[in-house]
């Protein structure tokens, strides 16, 4: 037995040790009980019986309320269930609205992108047209000079032919 | 009980504990204190947005968190200094938390399809939209805890591009490796049809009782813990907050619960395959997001083996890591925020950068 320095037994330590041993033995005993087929079978039957009794009692209460022309629990539950279902439908509508909103946002983004793309394409086209115009002008200028020389040569040929 | 203390001190402690419990601390403790805004309502579920702290500097990729359906979300924001959300926002992570709310009797017909393809999909979508508008983020990381993780995993296998990366905390994948729970949840032992038919939803009380019965001695350990650590600074508040959270379960929508237990626990179809959701088979091999699987070493609800089984079936790289603590204690420990922040930093990409690159 644990002893204190003054020679008296340390009752607290003793009681603690005793408690630990008792707890461990009780735990082992409970383990056997709680997993024994007899206990589980009894508990199952007990739970089933209680549930049946509870259901029957509730049914009885509802019938009694019905006879007294009062709303029973079943009536209130039915009403609450309708509210719940309506709430569910509202939530589904909210889902759809959000989905539509997402699509709208997506479309808006696409629209903005396509506008930017269109503007860029227009700009590019304009630049390309400008480049083409510049090239054409250059070509025309070159051709104009060439055409002038060509016309002179043709005139000379014509004159020579007329003279002959 | 520390050794060698005089009995007078113990009597004082007993008196202190009696007064503490008489004041009903679990009813008065304030949990979920981090400021946030609700950005979307989806029937009973809401998406809570926690802005990154102003002092955090760099803004990381936002994180979407799918909480379990059977408890309240406050376990991730239990108390200041014991909050996963506080740690994440403090490091510059915008957090979007899916709080599934409290189903009522009218939700008994809500199916898994409605929860996963409807609520979860929509909430993630709204979170992404919000993050894009506010932080310019085009991508999102996702974190799932327990059943919330199973749903997230199923969703990510169906919609592989929904999130950039995924982390799963104490998430069952191989349900037949879930220890005692898998021994209980068999067609022979568990009257699933009768329970759902009788109760409509799976009742929160029954859920709480079931979890208590999984480890009966855990209840006693709770009281012993209070006795042993009563004088430690901050412990009383933490104990009260845990007590509040533990007793605050929520109902599980009946139809969804039936399909979940049938498919996951009875058939183990998430792991083995063959589960059709909304007419389409759930194939975890189709998942493309890299995953970090975190499991708690002493988890009696989802043992590490059940969580790490994702490695065998997921279609992308899976990294596993074991943390100290149990299924719930891991959420209020120091290791989880550190592991998550490490994961966040490993995939660091300032919000908006991807957008700019695109």
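None of the figures in this text is laboratory data; all of them are computed from the coordinates on show. A quick note: this is a predicted structure, and the numbers were derived from the prediction, not measured. Positions of Cβ are generated from backbone atoms using ideal geometry, with glycine treated the same way; all protein chains shown enter the neighbour counts.
In the range B:133-186, the inverse of the mean reciprocal separation of distinct Cα atoms equals 12.6 Å; this is its Kirkwood hydrodynamic radius. Whole-percent P(r), the range B:208-358, all Cα pairs, 5 Å bins from 0: 2, 7, 11, 15, 16, 16, 13, 10, 6, 3, 1, 0.
Only Cα pairs within less than 10 Å get springs; with that Gaussian network setup on chain B, which residue of B:266, B:155, B:20 has the largest fluctuation? So, out of B:266, B:155, B:20, the one fluctuating most is B:20.
Could you compute Rg(Cα) / (2.2 N^0.38 Å) for the protein assembly as shown, with N its residue count?
Against the compact-globule rule of thumb, the ratio is 1.46.
Each part gets one Cα centre, and for the range B:136-180 versus the range B:296-351 those centres are 11 Å apart. Starting from the Cα gyration tensor of the range A:1-123, take the square roots of the eigenvalues, sort them a ≥ b ≥ c, and report rounded, prolate or oblate (rounded when a/c is under 1.5, otherwise prolate if a/b is larger than b/c, else oblate). Oblate, since a/c reaches 1.5 and b/c is not below a/b. Taken over the range A:57-144, the convex hull of the Cα atoms encloses 92 Å³ per residue. The convex hull defined by the C-alpha atoms of the range A:20-77 has an orientation-averaged projected area of 6.3 nm².
I'd like the distance separating the alpha-carbon centroids of the range B:246-276 and the range A:81-132, in whole Å. What the calculation gives is 42 Å, centre to centre. When you count the other C-beta atoms within 10 angstrom of each residue and take the mean per peptide, A:68-77, B:160-169 line up highest first as B:160-169, A:68-77. Just so you know, the Cα atoms of the range B:98-192 work out to an Rg and Dmax of 15.9, 53 Å. For the listed peptides B:223-236, B:204-217, a ranking on the average number of other beta carbons within 10 Å per residue, highest first, reads B:204-217, B:223-236. Using the alpha carbons alone, the radius of gyration of the range B:3-85 stands to its Kirkwood radius in an Rg to Rh ratio of 1.18.
Calculated from DSSP H runs of 4 or more alone, at -39500 (n - 2.57) each and per residue, what is the 222 nm mean residue ellipticity of chain B, nearest 500? So the helix-based figure for chain B works out to -11000 deg cm²/dmol.
Within the listed set B:53, B:27, B:309, the Gaussian network model of chain B (springs between alpha-carbon atoms below 10 Å) gives the highest mean-square fluctuation for B:27. For the Cα trace of the range B:45-155, dividing Rg by the Kirkwood Rh returns an Rg/Rh value of 0.98.
Ranked by the mean number of other Cβ atoms within 10 Å of their residues, highest first, the peptides B:97-103, B:177-183, A:24-30 fall in the order B:97-103, B:177-183, A:24-30.
Ignore the peptide's own chain and count Cβ atoms of other chains within 10 Å of each Cβ in B:188-200; give me the average, rounded.
Working: counts 4, 9, 5, 10, 4, 2, 9, 8, 2, 5, 13, 6, 6.
Per residue, the number of nearby Cβ atoms from other chains is 6 on average.
The three principal axes of the C-alpha atoms in chain B carry coordinate ranges of 70, 55, 37 Å, sorted with the longest axis first.
Indicate the gyration tensor shape class of the range B:64-128 (rounded, prolate or oblate), computed on the Cα atoms with a ≥ b ≥ c the square roots of the eigenvalues: a/c under 1.5 is rounded; otherwise a/b larger than b/c is prolate and the rest oblate.
Verdict is oblate for the range B:64-128.
Inter-chain neighbour count for A:17-30: the average number of beta-carbon atoms from partner chains within 10 Å of each residue's beta-carbon is 2.
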